[in-house]
There are 2 protein chains.
Amino acid sequence: MNMSYHRGEIRVIGLGPGDHRFMTHDADLALADATDLIGYIPYVERIPPRAGLIRHATDNRVELDRARHALDLAHQGKVVAIVSGGDPGVFAMAAALFEAIDHGTPEDRLIPINIHPGISAMNAAAAKLGAPLGHDLPWDVIARRLKAAAEGDFVIALYNPASKARPQSIFDAFKLLRDIKAPSTPVAFARAVGRHDEKHTLTSLAEADPSIVDMATLVMIGSSETRFIDKPDGTRWLYTPRSYGARP
Amino acid sequence: MNMSYHRGEIRVIGLGPGDHRFMTHDADLALADATDLIGYIPYVERIPPRAGLIRHATDNRVELDRARHALDLAHQGKVVAIVSGGDPGVFAMAAALFEAIDHGTPEDRLIPINIHPGISAMNAAAAKLGAPLGHDLPWDVIARRLKAAAEGDFVIALYNPASKARPQSIFDAFKLLRDIKAPSTPVAFARAVGRHDEKHTLTSLAEADPSIVDMATLVMIGSSETRFIDKPDGTRWLYTPRSYGARP
């Protein structure tokens, strides 16, 4: 075991769409004291060079190799920034990193990992086009969509899942999902994300208790591929591998 | 007609999840010289008071009334910032604003509107949990999901729709969607969003030409409710009304 690995860490950073103005302050801060920069060339080139930052630009499209490289650098004590366009969690490097950890060594699970979200292409495009994405739905349309999303094996995110006006809907939604999806499907209740009272509950579709859900909770239900990674400190990561159907 | 309305404008701004560090530079800039601030109280309260900024905090949950208020202020020459948590295009104020314009006067369509995207709750929660959202898919899984998404009447966004390795997929995808969805369904090809060579093509499912799609293109296919708003300058907005089944 390498005694230095506690010093290293990995930050997976979303650069948003092309222009720097669409980056978050959080992403800028995460880049500010990184020692090593990893990513596909067009993304690495968006980051101005500076003393103390080693750029590992690569034309390697094999995300798992790039993730392994980041883990090796972190084990050497480096503060590694992996950069992606858009959001790093949407068809980008975050899932590849967790997949590498899932296939990796017990020591890999000791490395502090932080994911820094970015504006995804879907949200950026929608903003330029108008507002194609959002509307409120009556229950019959929600039920139709939940059924379709479950049958399509999508990862499902439920916004505004509970309100005084419709307290029963979240229970109906879980009943519907339990009729279609496996009991072991991972479920996350992420409450007040980005606020001081943030709280996450990780569970399974069989064991999830929808009564803890309120309007500040984002409910996420996994696909058949979504899985947990257990960490030595007793916490867990939730991720969906890049490679569909390729469980370790 | 009010001679001053060309001076006003509306900016719909995403504040992201709770903490300011998750806002974009773009959102900060859009707020910097606004004259009027409109939004649901908890979101307005996130913005520090300053001289020259009138705060119209409201506990009014009727988004269409709030949108109409913003339009009236813009007609008076105000630079109106409408703030939402998360992304303004996802279950938030952008769709309500365009719905108000769709129901509004011809003069409403002269007001400059800019949507400033924010980190949506889904991406923020995913970042905290690990990477539950993203994976690559073989064509049979893509086909299954496209069919489910079409049958669920979702708005569909296709990422990375064309590559040298799989040039046929985008044609197969449009063939599949045309078998299920109405020919008049709005389609947008948004290329290089946020870059200097950004380009949008707005069309219908019947008339869309997938051969113009490349890896820098985000493809968006509307739900049965998604519609265009024609502007006097010949351009169009694309939006999905907040109220499902309530076309003007």
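Summary table
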{"quantity": "Some residue of the stretch A:117-129 being over 30 Å from B:PHE98 (Cα atoms), touching a residue at least 12 places away in the same chain (Cβ under 8 Å) and either touching a helix residue (DSSP H, G or I) at 6+ places or on another chain (Cβ under 7 Å) or not assigned by TED's automatic domain parsing to the domain that holds A:PHE228 (or both)", "calculated": "no"}
{"quantity": "A:GLY222 vs. criteria touching a Pro at 6+ places or on another chain (Cβ under 7 Å) and at pLDDT below 95", "calculated": "no"}
{"quantity": "Residue count, the stretch A:21-49 (criterion: of a type outside the set (D, E, K, R) and either under 20 Å from the mean Cα position of the chain (by Cα) or assigned by TED's automatic domain parsing to the domain that holds A:GLY194 (or both))", "calculated": "13"}
{"quantity": "Top-ranked residue of the stretch B:215-231 - restricted to ones that are out of contact with any helix residue (DSSP H, G or I) (no Cβ under 6 Å at 6 or more places or on another chain) and within 24 Å of B:LEU110 (Cα to Cα), ranked as farthest from the other protein chains (Cβ to nearest Cβ)", "calculated": "B:ASP230"}
{"quantity": "Answer residue from the stretch B:156-214, given it is away from chain A (no Cβ under 14 Å) and of a type in the set (Lys, Arg) and is nearest to A:LEU133 (Cα to Cα) among those", "calculated": "B:ARG178"}
{"quantity": "Qualifying residues in the stretch A:193-211 (those that are acidic (Asp, Glu) and more than 18 Å from the chain's Cα centre (by Cα)) - the one nearest to A:ASP230 (Cα to Cα)", "calculated": "A:GLU207"}
{"quantity": "In the stretch B:199-208, the residues that are touching a Lys or Arg at 6+ places or on another chain (Cβ under 9 Å) and free of Cβ contacts under 8 Å to residues at least 24 places away in the same chain", "calculated": "B:LYS199, B:HIS200, B:THR201"}
{"quantity": "Selection from the stretch B:129-154 of residues that are at the interface with another protein chain (Cβ under 7 Å from one of its Cβ atoms), under 14 Å from B:PHE174 (Cα atoms) and within 20 Å of the chain's Cα centre (by Cα)", "calculated": "B:ALA149"}
{"quantity": "Any hit, the stretch B:86-98, residues being closer than 20 Å to A:HIS135 by Cα and part of a strand (DSSP E or B)", "calculated": "yes"}
{"quantity": "Odd one out for B:ASP59 among (1) modelled with pLDDT under 95; (2) buried (at least 20 other Cβ atoms within 10 Å of the Cβ)", "calculated": "(2)"}
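Here is a yes/no grid of residues against (1) crowded, with 20+ Cβ neighbours inside 10 Å; (2) assigned to a strand (DSSP E or B); (3) out of contact with any Lys or Arg (no Cβ under 7 Å at 6 or more places or on another chain):
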residue	(1), (2), (3)
B:ASN123	yes, no, yes
B:LEU133	yes, no, yes
B:LYS164	no, no, yes
B:PHE174	yes, no, yes
B:SER184	no, no, yes
B:VAL187	yes, yes, yes
B:ALA190	yes, yes, no
B:GLY194	yes, no, yes
B:ASP197	no, no, yes
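Rundown of residues vs (1) under 15 Å from the mean Cα position of the chain (by Cα); (2) of a type in the set (Phe, Trp, Tyr); (3) surrounded by 23 or more Cβ atoms within 10 Å (Cβ to Cβ); (4) facing chain A (nearest Cβ under 8 Å), yes/no style:
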| site | (1), (2), (3), (4) |
| --- | --- |
| B:ALA51 | no, no, no, no |
| B:GLN76 | no, no, no, no |
| B:VAL83 | yes, no, yes, no |
| B:GLY86 | yes, no, yes, no |
| B:HIS116 | yes, no, yes, yes |
| B:ALA127 | no, no, yes, yes |
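The values are calculated or read from the model by the stated rules, or taken from the named source; none is laboratory data. Bear in mind that the values here come from a model prediction, so they are computed numbers and not experimental data. We place every Cβ from the backbone using ideal geometry, glycine too, and count neighbours over all the protein chains shown.
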